[in-house]
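Peer 1: Handing you this structure, nothing more for now.
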Amino acid sequence: MEDTIIKTENIVFKKTELLTDNELSYCPGCGHGTAHRIIMEVIDEMGIQADTIGVAPVGCSVLAYDFMNIDMQQAAHGRAPAVATGIKRVLPEKFVFTYQGDGDLAAIGTAETIHVCNRGEHFTMIFINNGIYGMTGGQMAPTTLPGMKSSTSPYGRDVEMMGHPLKMTELIANLPGTCFVTRQAVHTPSAVRKAKKAVRKAFELQKEKKGISFVEIVSNCNSGWKMTPVQSNKWMEDNMFPYYPMGDIKLPE
Amino acid sequence: MAKVKGAVVVDVEKCKGCDICVHACPTDVLALHNEVNGKGYHYAYMANPDECTGCMNCALVCPDSVITVYRVKPQKAKV
């Protein structure tokens with residue numbers, strides 16, 4: 001039976017050619033891979049492979065340019081929005097996006113993020129929020145939840161001493177330079193479909209030059225959270241989603 | 001009425017055995033194999049291939065894009 005089904009003409013889903021054949025350097029079950037795929041699928045479907053320039057951050061996804069088969073630049077820690085500003089201003093007809101984690105976008109790059117959103121540059125920012133510094137060994141990030149354990153908050157994040165988690169997406173939604181701000185996830189098939197639509201919309205809005213289109217993707221970090229991938233997705237639904245609710249925060253007028 | 005028939009092919013050597021596809025499958029087709037691949041991961045495989053409808057849920061959530069999905073319509077399946 002399988003032999004009659006497994007034929008080229010019956011393919012309904014295969015890996016997009018905009019992802020290279022390199023094996024992803026991410027841990028098993030990490031949401032980064034899914035996020036990479038939906039961005040590349042959107043670029044593929046829009047037919048803008050030759051007109052898109054991505055900016056990779058510092059963090060787990062520092063090697064994003066090895067996996068995304070498009071033109072890419074890698075920026076200093078937190079400075080991806082500044083680099084993307086330069087690229088978009090010199091080449092305004094190109095589609096430009098940054099791909100950043102929470103340590104990059106919400107910690108060391110806070111100044112760049114806020115000013116780029118306030119100036120209203122016309123590119124897309126993809127923000128992967130997993131509430132922890134994954135690459136360096138699971139340290140506390142600005143987005144770590146209250147009471148959440150990390151290697152630098154082993155008894156849980158104490159908000160009295162360590163401050164409150166930063167809701168970067170709500171923060172920048174208040175700025176006049178943003179046109180589309182949304183929060184998505186990629187842990188279930190329906191969430192992946194919604195996130196892909198949001199990424200598509202964000203890229204389409206670049207044509208209208210209305211300002212920053214910003215997509216936050218709440219993701220898991222099973223290694224940093226010390227869980228299996230399936231457990232971490234469940235934990236994310238139970239703990240991350242109440243603090244970081246899904247949905248559109250700002251829509252274009 | 002014949003069901004829609006599907007099948008998935010897993011790129012065994014690239015699969016990291018994260019188990020997310022197994023939990024995303026609505027018809028319990030997928031499972032992790034007892035054997036391991038070259039990297040030492042228990043890779044995903046079709047344990048129950050007759051139930052597959054080619055819904056693509058497994059491929060949508062696969063972080064490493066190792067799953068290819070095939071589907072045939074009922075009238076084709078009868079032939």
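Only the coordinates and a few stated rules stand behind these numbers; no lab work does. Values in this document were obtained by computation on a predicted structure and should not be read as measured data. Glycine gets a Cβ as well: all are built from the backbone with ideal geometry, and neighbour counts include every protein chain shown.
Peer 1: Cβ neighbours within 10 Å, averaged per peptide: list A:30-41, A:169-180, B:11-22 in order, most packed at the top.
Peer 2: A:30-41, B:11-22, A:169-180
Peer 1: Give the list, by residue number, of cysteines in chain B with no other Cys Cβ closer than 4.7 Å, or say none.
Peer 2: B:CYS15, B:CYS18, B:CYS25, B:CYS52, B:CYS55, B:CYS62
Peer 1: Which whole number gives the average, over all residues in A:10-23, of C-beta atoms from other chains lying within 10 Å of the residue C-beta?
Peer 2: Across the residues of A:10-23, the mean count of other-chain Cβ atoms within 10 Å is 5.
Peer 1: Looking at the protein assembly as shown, send over the antiparallel percent of its DSSP beta bridges, to the nearest 5.
Peer 2: Bridges in the protein assembly as shown are about 40 percent antiparallel.
Peer 1: Apply the Karplus curve 6.51 cos²θ - 1.76 cosθ + 1.60, θ = phi - 60°, to the phi angles in region A:41-56 and return the couplings in whole Hz, x for Gly and Pro.
Peer 2: These are the phi-based 3J(HN,Hα) values: 5, 5, 5, 4, 5, 7, x, 10, 4, 7, 10, 10, 10, x, 10, 8 Hz.
Peer 1: Quick one: which residues, 5 or more positions from A:ASN69 or on another chain, have an amide H under 5 Å from its amide H? H modelled 1.01 Å from N in the peptide plane, none for Pro or chain starts.
Peer 2: Here the answer is A:LEU19, A:THR20, since their amide H atoms fall under 5 Å of that of A:ASN69.
Peer 1: Another question, if that's okay. I need to check one value: relative contact order of chain B, counting alpha carbon pairs closer than 8 Å and at least 6 residues apart, in percent.
Peer 2: Values: 150 pairs, mean separation 35.5, N = 79.
About 45 percent, as a whole number.
Peer 1: Cα centroid distance between region A:1-33 and region A:203-236, in Å?
Peer 2: Region A:1-33 and region A:203-236 have Cα centres separated by 21 Å.
Peer 1: In whole Å, how far is the Cα centre of region B:21-79 from that of region A:128-202?
Peer 2: So the two Cα centres are separated by 31 Å.
Peer 1: Give me a single rounded figure for A:29-35: the average over its residues of other chain Cβ atoms within 10 Å of their Cβ.
Peer 2: Partner-chain Cβ atoms within 10 Å, mean over residues of A:29-35: 5.
Peer 1: Per residue of region A:79-92, in order, report the coupling 6.51 cos²θ - 1.76 cosθ + 1.60 (Karplus, θ = phi - 60°) as ³J(HN,Hα) in whole Hz, putting x for Gly and Pro.
Peer 2: Running phi through 6.51 cos²θ - 1.76 cosθ + 1.60 with θ = phi - 60° gives 9, 4, x, 5, 5, 5, 4, x, 4, 5, 6, 7, 10, x Hz.
Peer 1: Once you order the gyration tensor axes a ≥ b ≥ c over the Cα atoms, which shape class does chain A get: rounded for a/c under 1.5, otherwise prolate or oblate by comparing a/b with b/c?
Peer 2: Judged from the Cα gyration tensor, chain A comes out oblate (a/c at least 1.5, b/c at or above a/b).
Peer 1: Provide the packing ranking of B:64-71, A:120-127, A:15-22, i.e. peptides ordered by the mean count of other C-beta atoms within 10 Å per residue, highest first.
Peer 2: In descending order of packing, they fall as A:120-127, B:64-71, A:15-22.
Peer 1: Let me know the charge dipole size of chain B about its Cα centre in debye, to the nearest 20, where only the beta-carbon of Lys, Arg (+1) and Asp, Glu (-1) is charged.
Peer 2: Once rounded to the nearest 20, the dipole reads 460 debye.
Peer 1: To continue, here is another question. Please give me the summed charge of the neighbours of B:HIS42: other residues whose Cβ is under 10 Å from its Cβ, Lys and Arg +1, Asp and Glu -1. The partial results should precede the final answer.
Peer 2: Values: positive: B:LYS16; negative: B:ASP19, B:GLU35.
Counting the neighbours of B:HIS42, the net charge comes to -1.
Peer 1: How large is the helix-only mean residue ellipticity at 222 nm for chain A, computed as the sum of -39500 (n - 2.57) over DSSP H runs with n ≥ 4, divided by its residue count, in deg cm²/dmol to the nearest 500? The partial results should precede the final answer.
Peer 2: Numbers: 10 runs with 86 residues, N = 253.
Helices in chain A give a 222 nm mean residue ellipticity of -9500 deg cm²/dmol.
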